[in-house]
Structure formats: C-alpha cells, structure tokens
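Here is the structure we will look at.
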Amino acid sequence: MRRSGALVLVVFAAILATWWVVLLLWRTDALPTALLGGSVTGLLVAFLIFALSAQRRRPVAVRASPDLSLGAVVLAFGVTGLVVGAEVGPWLLLVGAAVSAGGLAQLGREHMAARRAIDRATSARRAV
Amino acid sequence: MRAPAIASPPGPLERLASTDHKRIATRLGGAALVFFLAAGVLALVMRLELAQPGLQVVSTETYNELFTIHGSTMIYLVVTPAALALGLYLVPLHVGAGDIAAPRIALAGMWLIVLGGIVMWSGFLAKQGAAKATWVGFDPLADAPYTPESGMDLWIGGVFLATLGEIAIAACLLATMLRKRAPGMTLLRMPVFCWGVMATVLMVVFAFPALLVALGLLFAERQGAGDVVSSVDYQHLFWFYGHPVVYVMFFPFVGAVAEVISTFSERRFFGYFFMVLSLLLFTALSMSVWAHHMFTTGAVANRYFALTTTAILVPAGVEYFDLIATMWGGRIRLAAPMLFAIGFLLLFLIGGLTGIWIGSPPLDYHANNSYFIVAHFHYTLFGGSVFGLFAGLYFWWPKLFGWLLRDGLGRLHFALMFLGALLTFIPLFALGHEGMTRRIPDYPASEGWGTLNLISTIGSFVIALSILVFLINVAISWLRQVPAGDDPWMGMTLEWATSSPPPRHNFDRPLPPITSFAPLYDLRHGLRPEEAEQGPEARLAGVAGGQEDAV
C-alpha cells in the first residue's frame, strides 16, 4: 500500500479508542458511549477513504487550480437562505433552494471547464 | 517607503470569490477581527454594568442578550475562525504545497462563517432582541416556552452555519496535510504549528458534527416537534462539541507559540517527537472529558470524566516542558512576538492549574456556575488563545502583508494587555470563590463585591486600550511601511523561503531540501539530512567521535 499519511488517523483512533474502552468499563449511558465510539468509527472510515484514494491516485502532469469560484460563494448564500428560511418561512426556503441549485450548477460548470483545461494542457504536452 | 507590490490589488470578484488560500484566510481573519471588536464592545458594556452594585447601564433582558452574544461571538465567530484562518494561510506554505486541497470548499466555508455571524447578530434587529439563552443554548431554557423570541432561532441558524463552515475548512486542512505535502515533507517533518492544526482539525471534523445534531434537535423542539431531546442528552451532544472547541481554539496557538519561541530563541524546537505525541494524546483526551461540564447534573460517570480531565496534565506538562526547554540556553530576542508567547505561557498556566481544581467533582460542586469558572476559561481562552493569536500575528504579519509592525508599539500592546488580563480576571477568581454567580446583571451591595468588580472593569478598559494600541500600530505601520523582506526573523520553516507576501502558488523558486521540521535552520547551519533528523547534537557527537568532516 502506498503511504498516504493517513496513518495518523489510525494512530489517533487507537488513542481515542483506549479512552472509549475505559468509558465502557464504567457502564455509562448509551449516548456518551455512542459519541466516543462514533468518533473512533468516523476516524477509521476517513482512514479508509484517504488510504484507498492514495492507492488509486496516479501522478498527474497537469493539475487544474481554480483562481475564482463564484459557484462556491453562491452555494454558501443558498445554504444560508435554506437555514434562515427554516425560521422565516417557505418563501425564503424556496429562494435558498433555488440559489443553492444555481451554485451547484455553477460549480458543475467550473468543474467541466477545469477538465477541459486539463485535457488541452495534456494534449499540448503530448504534442511537444 | 512602501513594500514592493507582489500582486495586483484584487478586483471586486476576486474579493468575493478568490480561491487562493491566502486570500480566503485573510478575509476570514479580517472577519474574525471585526467580530472580536464587536464582542469586545459587548464585554465593556457588561463590565460597566457590573462595576458597582445597583447600576442600571442596561436592562436585565439586554444584559442577557449581551453575555449570550458576547460568548457566542467569541467562540463561534472569533477564536475558532481565527485559529482556522491561521492554519488556512500557513499550512500549505509549511508543507510546501502550492495550494490548499479543495479550495472551493474552503471558500464556501469562509462565507458560511461570515454569513452565520451576520445571521446571529441580526437577532439584535428582531422585535424582542437577540438570543438570551447563553452561548450553550441550554435546553430547556432555549426552548420556545422560555425563550420564544425569533432571535433565538437566528442564533441557532447562525451557529449552525458557522459550524458547518468550520467543518468544511477543517476538512480541507486535513486533506492538505495528508495529501499535498511536498516531496521530502514526511508527517514527522511537518512543523510543530502544523501538528497543532492537525490536532485542531481532527477535533473539528470528528466532534463538531455533534453540535449540528444538537442544534437541529433544539430547533425541532422550538418548532413544536415535542420533547425530542432530554436536557441531559442535549448537554452531552453540546459538550461533546463544547469541550473540544476549547482546544480547537488552543492548539494552533500552541503551535504558533512553539514556532515563535523556537525562532526567537534561535534554537531548534526541543523534544519535537514527544511534542507531536503529546498533541495527539492531548487531543484524544480533550474529546473524552466533555461531561466534566455536567458533574453537578448527577447523571454522568463523574469518576471517569475526572480521570480523563486530570490525565490532561501529562501531555500539557510535556508541552510546557518542551516550550521552556527550547528557550533554555537559547539566544533569546524579546521582540513583540516573543513577549506575547511568554505571556501565553504564564497566563495559560493560570487557566490550566485552575482547570485541575474544577476537574475534581467535589471542588467543582463548590465552584460550579460561579465567577471562578468565568475566570478559569478566560485565562485559557484570553490568556491562552488571544495571547497566542497575537504572538502569531506579530510573527507572521510581515509574511502576510510584506511589511513590519512597529516593535515598540507591539511591546506597549503586550504590556497593556498583560496587565489588563491580570486586572480583569484575577478578581473574578476571588468573586467566584466568595459565591458570586455568573450571568447576573447586578448584585447586592451588602456582599462587598463592589471593589473587586470595579478592579475587573478597570482591567477590561485597559485591555480595550491595548487593542487600540494594536490598531494604531497597524495604521502607522501601514502608512509608513517598512518592507519586511522574505525572512525578517531568521525563521526555520518553509514559509520564510518564499517572498512576502507569497505569490499565488506560494513558491516561485525551488524549495530548499526538506531534511527535518526546521529546513531553513538546517540550511543555514549546513546540517546534512542525518544530522538534521537528530538535531545539532548529532554533529557535536560526531566531532567528539573524531569525524574529520563533521564541522
């Protein structure tokens, strides 16, 4: 397995699991046990995600790095509309949902543009 | 004389939507500073109200809003975002990366925090005012029958958004440290600051979601969904977030102080490996102590949580030992960053030692809900986090903006803030011990608490004066810029190997060889990789062993 640095997640999960086991000895309520146990599980899941993605990752010659992302900003405003809309009323919920959808669409466009830029740059490198 | 312009000034769209981690970080840091000033004004009004018994500067209702929004702003919108902003700016530079992982998510996270703050503060415009149920939002106090105002709902929404933004940024930082390190930058060659941020983001990603659940359940209750969460369960969910957040607001500043002390002592950091190990142990413990906030409920395993709380002494002791040992025998320069770092060590120690007191259930029963608790956490959060933040700010300001802050004004800022912190918070220990409960707008004159409260109020204005000195320092230093150069302090880590401020993708020249956690120190002292791994002592041992080429 390629080293991904994700090992730190396992080390941390092991330390946290030690305290979780000690908590189990106290036979406390379900919620405290579930909270600590949930974090340990989350860490292990994150480790698997990072480790597997590091396995699959191939070195790339060209990487797209966005300078601007209007989509991310619009999405943040949309999510805010959704959250505040839960208090203010359905009209703001709808506005928030529409703005969020617009933000996601814009993010999709940015992603596609980045893919095209990578393809162009890769072709140019091959031509050289 | 102005510092040379590295990049053209950003246009309106760039100000809104730049994905450069440095710009996101400076925007987030700027927003945190604005919220800090606003929360500071609320604190001054509260201290005026408490200066003497019988004063009516504000009504009881307004006082409740002030302490709720002051605490909420400082925790959710100032110190946590400032800690993440520091990491957002520096971690990619420290690990030699050209950018942060998933910059769009980080950008959205920054905006969620800012918008969350605006939503929370908009409660003051609501008909019945802002939230009044403390920064914890205690259930059932925060429930609709007891706090029916829409300001409380806006508080829930604001905190939810800010927390969501913080989790997003933390995930980006975690991925950056795991996936975007430069060749040669192994995990155990990351600077101590990065490990501080690593500890922080582990808690943000794996503990903060509990707060989102708690807020969701509280909101559902307020909307008439019935008793969906018991008071004790709400507290479990809240404090599972609420205690780690104390360390989220602490570890990056421990890392910052470590870098400052190392640089201004002109010594490599002492005991690096044990520092890293203690940070991980500290982090795991800080996620295991949450119910010490609930000792007096009688519904938690007090002995377990007292054990884990007291065990924190071990990693904390290792860290203090390492920080002091780094200074030992060093050529110490007492510039403003170093003064703030030493102030951090002294003031956080007061917070830490009083933490042992209230980590013991019998003693906590005495101190619970008193000003003793207020004093304790202000020594950890103000004495620790804010002093650490200013140590980091004075240290990295030249890198961020390309010009230096005035050191004389920085020293004055430190002196006033240190004095102010002692004057403001030491009397609160005595008041709490004598039984003054927190979250009260007034107290009877017969208790004899007037003098101590007056001293505390005077101290809070001394702190405000120190902040004014800082702002004047920024203004003067900006108007008459002294260019910083790439490495004004003889730094040890990679950010000092690039221009100030760094270019768009951080490094426009080859990175120096990364042979340890202090690559620039190694370069300056000509250490070979194996010597760098073991520290300069290896070279001395080599000389003693008769190796001819050791020097």
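Put simply, of B:Leu419, B:Leu405 the only residue that is among the aliphatic types (A, V, I, L, M), over 23 Å from B:Thr134 (Cβ atoms), in contact (Cβ under 8 Å) with a residue 24 or more places away in the chain and part of a helix (DSSP H, G or I) is B:Leu419.
A quick yes/no check of all residues on (1) of a type outside the set (Ser, Thr, Tyr); (2) crowded, with 17+ Cβ neighbours inside 10 Å; (3) not in a helix (DSSP H, G or I):
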site	(1), (2), (3)
B:Ser288	no, yes, yes
B:Trp357	yes, no, no
B:His366	yes, no, no
B:Leu393	yes, yes, no
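Just the residues that are within 29 Å of A:Leu68 (Cβ to Cβ), crowded, with 22+ Cβ neighbours inside 10 Å and in contact with a Gly (Cβ under 9 Å, 6 or more places away or on another chain), please, taken from region B:106-135. Listed by number, the residues that qualify are B:Ala108, B:Gly109, B:Met110, B:Trp111, B:Leu112, B:Ile113, B:Val114, B:Leu115, B:Gly116, B:Gly117, B:Val119, B:Met120.
Give the residue that is nearest to the other protein chains (Cβ to nearest Cβ), with candidates limited to residues of region B:495-515 that are free of Cβ contacts under 8 Å to residues at least 24 places away in the same chain and open to solvent by 60 Å² or more (accessible area, probe 1.4 Å).
So, considering only residues that are free of Cβ contacts under 8 Å to residues at least 24 places away in the same chain and open to solvent by 60 Å² or more (accessible area, probe 1.4 Å), the one nearest to the other protein chains (Cβ to nearest Cβ) is B:Asp508.
For region A:33-73, filtering for residues that are modelled with pLDDT of 75 or more, closer than 30 Å to B:Leu13 by Cβ and open to solvent by 20 Å² or more (accessible area, probe 1.4 Å) leaves 4.
Checked against (1) farther than 24 Å from B:Met492 by Cα; (2) polar (S, T, N, Q); (3) in contact with a Phe, Trp or Tyr (Cβ under 9 Å, 6 or more places away or on another chain), B:Ser385 passes all but a single condition, namely (1).
So that you can scan it fast, the table gives a plain yes or no per residue for (1) over 24 Å from the mean Cα position of the chain (by Cα); (2) open to solvent by 50 Å² or more (accessible area, probe 1.4 Å); (3) on the phi > 0 side of the Ramachandran plot; (4) among the charged types (D, E, K, R):
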site: B:Leu423; (1), (2), (3), (4): no, yes, no, no
site: B:Ile455; (1), (2), (3), (4): yes, yes, no, no
site: B:Ile467; (1), (2), (3), (4): no, no, no, no
site: B:Asn473; (1), (2), (3), (4): no, no, no, no
site: B:Thr493; (1), (2), (3), (4): no, no, no, no
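Checking each residue in region B:136-182 for being of a type in the set (Ser, Thr, Tyr), within 12 Å of chain A (Cβ to nearest Cβ) and crowded, with 22+ Cβ neighbours inside 10 Å picks out B:Thr163, B:Thr176.
Tell me, yes or no, whether region A:29-52 has at least one residue that is polar (S, T, N, Q), facing chain B (nearest Cβ under 7 Å), out of contact with any His (no Cβ under 8 Å at 6 or more places or on another chain) and part of a loop (DSSP other than H, G, I, E, B). No, region A:29-52 contains no residue that is polar (S, T, N, Q), facing chain B (nearest Cβ under 7 Å), out of contact with any His (no Cβ under 8 Å at 6 or more places or on another chain) and part of a loop (DSSP other than H, G, I, E, B). Considering region A:18-32, and only residues there that are β-branched (Val, Ile, Thr) and over 21 Å from B:Tyr234 (Cα atoms), the residue that is least open to solvent (accessible area, probe 1.4 Å) turns out to be A:Val22. Apart from one condition, B:Val57 fits all of (1) at pLDDT below 95; (2) open to solvent by less than 30 Å² (accessible area, probe 1.4 Å); the exception is (2). Within region B:274-309, being modelled with pLDDT of 95 or more and more than 12 Å from every other protein chain (Cβ to nearest Cβ) holds for B:Phe274, B:Met275. Checking each residue of region B:122-137 against the condition of being within 18 Å of B:Phe219 (Cα to Cα) and of a type in the set (D, E, K, R) gives at least one match. Would region A:71-88 turn up any residue that is in a helix (DSSP H, G or I) and more than 14 Å from chain B (Cβ to nearest Cβ)? Checked region A:71-88: no residue is in a helix (DSSP H, G or I) and more than 14 Å from chain B (Cβ to nearest Cβ). Of the numbered conditions (1) free of Cβ contacts under 8 Å to residues at least 12 places away in the same chain; (2) crowded, with 22+ Cβ neighbours inside 10 Å, B:Tyr379 satisfies every one except a single condition; which is it? It fails just one condition, (1).
Within region B:139-149, how many residues are within 16 Å of B:Phe67 (Cβ to Cβ) and without any contact (Cβ under 8 Å) to a residue 12 or more places away in the chain? The number of residues fulfilling the criteria is 1. Among helices (runs of 4 or more DSSP H) entirely within region B:1-115, having at least 2 residues that are away from chain A (no Cβ under 14 Å) singles out B:21-50, B:60-72, B:80-94.
Checked against (1) assigned to a helix (DSSP H, G or I); (2) away from chain A (no Cβ under 14 Å); (3) surrounded by 20 or more Cβ atoms within 10 Å (Cβ to Cβ), B:Phe269 passes all but a single condition, namely (1).
When residues in region B:218-233 are screened for being part of a helix (DSSP H, G or I) and either within 19 Å of B:Gly151 (Cβ to Cβ) or touching a Cys at 6+ places or on another chain (Cβ under 6 Å) (or both), 5 of them pass. As for region B:82-104, it holds no residue that is within 30 Å of B:Leu44 (Cβ to Cβ) and more than 15 Å from the chain's Cα centre (by Cα). Looking at B:Val374, B:Val386, just one residue is in a helix (DSSP H, G or I), farther than 21 Å from B:Pro252 by Cα and open to solvent by less than 20 Å² (accessible area, probe 1.4 Å), and that residue is B:Val374.
The values are calculated or read from the model by the stated rules, or taken from the named source; none is laboratory data. Computed from a prediction, not measured in an experiment: that's the story for all the values here. In this analysis, Cβ positions are derived from the backbone assuming ideal geometry, glycine residues included, and neighbour counts consider all displayed protein chains. Side chains are part of the model used for accessible areas, which takes the heavy atoms of the whole protein and leaves out ligands, DNA and RNA. Shrake-Rupley method; radii C 1.70, N 1.55, O 1.52, S 1.80 Å.
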